[in-house]
Amino acid sequence: MEYNFREIEQKWIKEWRKRDTYKVTEDSSKEKFYALSMFPYPSGAGLHVGHPLGYIASDIYARYKRHQGFNVLHPMGYDSFGLPAEQYAIETGTHPAETTEKNIARYREQLDKLGFNYDWSREVRTSSPEYYKWTQWIFKQIFNSWYNNDTKKTEPISTLIEKFNSNGSYNVNAAQDEEWYKALDLEKFPFFGEYFVGEFTATDWQSMTEEQQQLVLMHYRLTYLADSWVNWCPALGTVLANDEVKDGKSERGGHPVVQKLMRQWSMRISAFAQRLLDDLDTVDWSDSIKEIQRNWIGRSKGASVKFSVAGHGEIIEVFTTRPDTIFGVDFVTLAPEHPLVNVITTADQKADINEYVEAASLKSERDRQSDVKNITGCFTGAYCEHPFTGKQIPIWIGDYVLASYGTGAVMAVPSGDQRDWDFATHFKIDITAIMEDADISEQADASKDKPLMNSDFLNGLKGKKAVNAAISAIMDKDAGRGKVQYRLRDAVFSRQRYWGEPVPVYFKNDIPYLIEDDQLPVTLPPIDEYLPTEDGDPPLARAKKEDWDVFEGDRMELNTMPGWAGSSWYFLRYMDPHNTEEFVSEEKMKYWNQVDLYMGGAEHATGHLLYSRFWTKILCDLGHLSFNEPFKKMINQGMILGRSSFAHRFNWSLDKIKNVELDKTALGAEHFNPVFICSGTKAKLESGEADYNDVMKVILGHYKGQKNYDALMKNLELLKAKNLDSECAFSIQNIHVDINHVDNDAMDVESIKAWKPAVFDSALFLNGSLEVTNGSDVYCDFDVEKMSKSKYNVQTPDDLVEKFGADTLRCYEMFLGPVEQSKPWDTKGINGVHNFLRKLSRLFIDKEGNLMVTDAEPSKDSMKTLHKTIKKVTEDLNRFSWNTVVSGMMIATNELTEQKCHSRAVLEPLTLLLSPYAPHLAEELWEKLGHTESVTTEEWPAFDESHLVESEIHYPVSFNGKMRFKITLPAEFTKEQVEEAVLAYEKTAQYLPDGSPKKMIVVPGRIVNVVV
RNA sequence: GCGGAUGUGGUGAAAUUGGUAGACACGCUAGACUUAGGAUCUAGUGCCGUGAGGUGUGUGGGUUCGAGUCCCUCCAUCCGCACCA
């Protein structure tokens, strides 16, 4: 029997498992290749056809690399901590571990059907204690580290303590919050006076109690406890990261999010901002992802400048990216929330300012951001001094300045900044012109390449020179310094949830201490309910002391880690998944090294991908890793969209008719069985080509005898009598129908009736000729939408594997187009791909299943086809062009079929080319060819140019660039000979009225162009 | 507003360094064949035109013997960022 994919695929799934075909070990004699797909969160819905797209692509690439002799690591696992399982636990009381286990089993079942070459012995699950033991261990490493800005490296906290012991805080240049010392509770440090600015001596340090030392160290650690404003989601009872909040609502669930001050664990990612930015140049990722990360990090270079407030000791610090425009400062604007507003406002401005601050506080940040047109602000009555001219500069407040960005204050240069210009113009503040040739009468001129004027020592300078001169002058005056600022904030690392990694920390006198390594992992204690407690403590507060397997100090940490903890390092664990002594052994880490190809969605651009890079850098600095970036090359697969089908329900209504007594039981379509029309009819009706009344007539003919029919006829006659029958309102309603009951837009009426009897069973279906039908001649319209249950457009891989086989599905998903692009899913084309595999297998075996392969010498043409295909497939895979490989194989199959080629010398290499795409079929054919070893490790066929050499070339001949005809000439012809032959050719005269061309271009072997 | 990506038949798309635009596949049309099988085979299928021919890669311009590809302009769609000082 020809191509029995069910039998073949089931056979090889079993065989591969039996033979451990995909087991990978470290083998230093081979070059390694690490191909990774982002691991999934195992949701209850299972996989739809969009998920495997990236898995298939990386699987094909992994198989290809294996054929090329690489030792390929290609693992899979599960990001199995997460909200949905916990939400389900809250609703049903089912332990999230149980739900997760069930979902994983379903995922595995689906994945197993698709023929992936995963080494399942390396599977990891972030929620298993064997795994999160090491997530906790990494947390401890980070806790015990500080960032040395001098060496630009993470260092163990012990080196910091040494420094404190020998020199105190002097000569320590650590990454810290600015003015961190203000957060220190000075009552606990009686020896620091009120003028304490964060510096202390070795003696100070040594005389501190352990508790005091811990409090100080907390401000240096790379993960630290601090009160921070967090996105609190009351409905979820938890804190969300910035990137988990979309439009003020939680990304998952869409619940409202508010700002709240909480004591939280944070990770000092801000210390790594510059390195995260710089090292983007060392990875091969898409420009868009890199750009998103650059945006997120948000580096701006400029200067911080101090303005002293006249008559106060206070200083306003601003950050500016244009210190060169310092002489154009006409006013200073503070955010309404700026702490100095209350201090400096003069008595007669007090009322106005208070009113403005009040009004601003009522506006959400979002409102303030979106309201660009309304310029608002208020003068404080106070002035500050220009650091160079000494000029008195008015201080305003305005809600266009955000408290959370920079220092919450700007030096306003209306001549060079449009917002400042708008503000100055609105409030009639004089604008100082500081650039030559700049017209600032209508708008600000933000250009940097115009020479400065009215700017004292900067006059005549422009661009970088001006900026540098300004900064050094500002520094000389002690009025500020050059500064680089980042938008990137430290990442909050606490979640008030149950289903996450416990933080390996306990508290003694409210000071956090780490659980010892030999006590790890701290596993999740059982609890009776998964909600926060009535006091608002996280769910873990429900666990009693004896429920914990590790309990130290006064209490354990009750927060768990966020979702990104486990996924920030999972690619490392695959290298050495069962190691109980280390998170990964040095030897294996050095062998497998970076991920060579990372396949995944672009939606993780600022979350997972940034955090993984961050943790990799920490672990590398601490000597645990030999590389600085986790993912060398990344490809982002596009989304596969659903193709929804719509049936057209024909409606009419007499509702709008007034002054006529109508029978209310027959006013509209809702009183009758529904009527569905064809998409063609719908188009004709809407364009006016067809008349609604014609459809109505047909319907009436079929309603005879039905309930309400007589009433309807009476109504219609009544209307006719009054000449109102044109008032009947018609409409067509689109209703989603399950794509499983639609084939090529044709509805399978019988099965649609069975699918939703309540709507369709009694319905009338009219075909394009307005005849009632139960056949498949009623057509739907379609639309491309996201796949979702409610749209009945979800296509599961299971259905397709059942119908066509995994090999067909694999090839088809690749054939759809470039992986990076989003595209609609359309089952129509899958037949063609299935036929290709069937046709290909017919080169090997006949209908009875007999092998037709012979040892006969292949024809020249067949060898040419083969080598052309080897070249194409190899080159295309090398440039990650998965889709074009399939068409290349199709062309080969078509050509070999035509050539009636059954020669082993051609078909064996062809099987190898097929193997990454259709591994089951390739394996079966390989065995049929008489091999006992698996095809998966066979050597990739070598390309031999000599088979492609042609003795004749078909030259396309163009006139003025337009191709007119082709001419076949010997390949060895020189330029001159080709020219001669073309001119002598009979058809040439037709396009060459003058007899001789102006010019002739001959590209040997390619093309001839005649210029007339 | 800034940044990134994309734009080619009825559909998914191909064209790798500028060199035959639309490969391959779907769909469609006509036909053949058949123990009807998501079969197979033949011919056709960008658009306009009976034809010769014309025209054609979002728009308009440019460079070139030759442009889907390079440069400039504008437009549309998607994504990211956004009073970011």
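The values are calculated or read from the model by the stated rules, or taken from the named source; none is laboratory data. Everything numeric here is computed off the predicted structure, so don't read it as measured data. Virtual Cβ from ideal backbone geometry, glycine too; neighbours counted across all protein chains shown. When the accessible area is computed, the model is the full protein with side chains, heavy atoms only, and any ligands, DNA or RNA have been set aside. Shrake-Rupley method; radii C 1.70, N 1.55, O 1.52, S 1.80 Å.
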| Taking segment A:594-603, which residues are closer than 24 Å to A:Asn878 by Cβ and open to solvent by 40 Å² or more (accessible area, probe 1.4 Å)? | A:Ala602
| query | Could you list, in sequence order, the residues of segment A:54-88 that are open to solvent by 10 Å² or more (accessible area, probe 1.4 Å), touching a strand residue (DSSP E or B) at 6+ places or on another chain (Cβ under 9 Å) and over 13 Å from A:Ser915 (Cβ atoms)? | reply | A:Tyr55, A:Phe70, A:Asn71, A:Asp79, A:Phe81, A:Leu83
| task | Return yes or no: is A:Phe880 within 19 Å of A:Cys811 (Cβ to Cβ), open to solvent by 10 Å² or more (accessible area, probe 1.4 Å) and assigned by TED's automatic domain parsing to the domain that holds A:Val819? | result | yes
| task | Could you please find all residues in segment A:918-974 being of a type in the set (S, T, N, Q), touching a His at 6+ places or on another chain (Cβ under 8 Å) and surrounded by 14 or more Cβ atoms within 10 Å (Cβ to Cβ)? | result | A:Thr936
| message | So in segment A:461-490, with the set limited to residues that are within 14 Å of RNA strand B (Cβ to nearest atom) and in contact with an Asp or Glu (Cβ under 6 Å, 6 or more places away or on another chain), which one is most open to solvent (accessible area, probe 1.4 Å)? | response | A:Val467
| Can you name the residue in segment A:387-428 that is away from RNA strand B (no atom under 16 Å from the Cβ) and in contact with a strand residue (DSSP E or B) (Cβ under 8 Å, 6 or more places away or on another chain) and is also least open to solvent (accessible area, probe 1.4 Å) among such residues? | A:Pro394
| query | Between a first residue in segment A:624-642 that is in contact (Cβ under 8 Å) with a residue 60 or more places away in the chain and under 30 Å from A:Ile739 (Cα atoms) and a second residue that is outside any loop (DSSP other than H, G, I, E, B) and small (Gly, Ala, Ser), which pairs have beta carbons less than 6 Å apart while being 6 or more apart in sequence or on different chains? | reply | A:Asn636/A:Ala602; A:Gln637/A:Gly54
| field | Subset of segment A:763-818 (residues that are closer than 21 Å to A:Glu686 by Cα and hydroxyl-bearing (Ser, Thr, Tyr)) | value | A:Ser769, A:Tyr779
| task | Kindly establish whether A:Lys900 is basic (Lys, Arg), under 45 Å from the mean Cα position of the chain (by Cα) and within 16 Å of RNA strand B (Cβ to nearest atom). | result | no
| on the phi > 0 side of the Ramachandran plot and either polar (S, T, N, Q) or open to solvent by less than 10 Å² (accessible area, probe 1.4 Å) (or both) - does that describe any residue in segment A:113-126? | yes
| note | Counting only residues that are touching a Phe, Trp or Tyr at 6+ places or on another chain (Cβ under 9 Å), open to solvent by less than 10 Å² (accessible area, probe 1.4 Å) and assigned to a helix (DSSP H, G or I), segment A:796-811 contains a total of 6
| In this structure, does A:Gly115 turn out to be farther than 30 Å from A:Pro502 by Cβ, part of a loop (DSSP other than H, G, I, E, B) and touching a Lys or Arg at 6+ places or on another chain (Cβ under 9 Å)? | yes
| message | Just to be sure before I move on: is A:Glu972 more than 22 Å from A:His867 (Cβ to Cβ) and away from RNA strand B (no atom under 13 Å from the Cβ) in the structure I sent? | response | no
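Take the conditions within 14 Å of RNA strand B (Cβ to nearest atom), among the hydroxyl-bearing types (Ser, Thr, Tyr), in the same structural domain as A:His426 (by TED's automatic domain parsing) and part of a helix (DSSP H, G or I) and apply them to A:Thr333. Does it pass?
Criteria not met by A:Thr333.
Anything in segment A:711-723 that is in contact (Cβ under 8 Å) with a residue 60 or more places away in the chain and buried (at least 16 other Cβ atoms within 10 Å of the Cβ)? List them, or say none.
Once the filter is applied, which keeps residues that are in contact (Cβ under 8 Å) with a residue 60 or more places away in the chain and buried (at least 16 other Cβ atoms within 10 Å of the Cβ), segment A:711-723 yields A:Asn715, A:Leu719.
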| query | Taking segment A:293-329, which residues are away from RNA strand B (no atom under 13 Å from the Cβ), open to solvent by 10 Å² or more (accessible area, probe 1.4 Å) and not in a helix (DSSP H, G or I)? | reply | A:Lys306, A:Ser308, A:Ala310, A:Gly311, A:His312, A:Gly313, A:Glu314, A:Ile315
| request: Could you grab me the full set of residues in segment A:816-832 that are near RNA strand B (Cβ under 6 Å from one of its atoms) and within 17 Å of A:Val801 (Cβ to Cβ)? | output: A:Leu816, A:Gly829, A:Asn831
| request: Output the residues belonging to segment A:656-685 that are in a loop (DSSP other than H, G, I, E, B), at pLDDT 80 or above and not aliphatic (A, V, I, L, M). | output: A:Glu661, A:Asp663, A:Phe672, A:Asn673, A:Pro674, A:Cys678
| message | Pairs please, first residue from segment A:395-406 and of a type in the set (D, E, K, R), second anywhere and more than 6 Å from RNA strand B (Cβ to nearest atom), Cβ atoms under 7 Å, 6+ apart in sequence or on different chains. | response | A:Asp399/A:Pro336; A:Asp399/A:Ala360; A:Asp399/A:Lys363; A:Asp399/A:Thr376
| remark: The number of residues in segment A:282-292 that are open to solvent by 30 Å² or more (accessible area, probe 1.4 Å), within 15 Å of RNA strand B (Cβ to nearest atom) and part of a helix (DSSP H, G or I) is 4
| Residue among A:Ser455, A:Ser441 that alone is in the same structural domain as A:His338 (by TED's automatic domain parsing), over 38 Å from the mean Cα position of the chain (by Cα) and more than 14 Å from A:Gly328 (Cα to Cα) | A:Ser441
| request: Name the single residue, out of those in segment A:851-877 being open to solvent by 40 Å² or more (accessible area, probe 1.4 Å) and small (Gly, Ala, Ser), that is nearest to RNA strand B (Cβ to nearest atom). | output: A:Ser859
| query | Between a first residue in segment A:648-676 that is closer than 30 Å to A:Phe782 by Cβ and a second residue that is of a type in the set (Lys, Arg), which pairs have beta carbons less than 7 Å apart while being 6 or more apart in sequence or on different chains? | reply | A:His648/A:Lys682; A:Pro674/A:Arg649; A:Val675/A:Arg649; A:Phe676/A:Arg649
| Out of A:Asp777, A:Asp761, sole residue that is without any contact (Cβ under 8 Å) to a residue 12 or more places away in the chain and assigned by TED's automatic domain parsing to the domain that holds A:Ile739 | A:Asp761
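I'm trying to understand the selection: among the residues of segment A:734-752, which are in a helix (DSSP H, G or I) and more than 19 Å from A:Lys789 (Cα to Cα)? Even if it seems obvious, please write down each step before you answer.
From segment A:734-752, those in a helix (DSSP H, G or I) are A:739-741, A:749-752; that's our starting set.
Selection gives A:Val749, A:Glu750.
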| Yes or no: A:Leu912 at pLDDT 95 or above and away from RNA strand B (no atom under 12 Å from the Cβ)? | yes
| Filter pass, A:Ser788 being more than 14 Å from RNA strand B (Cβ to nearest atom) and under 25 Å from A:Ile56 (Cα atoms) | yes
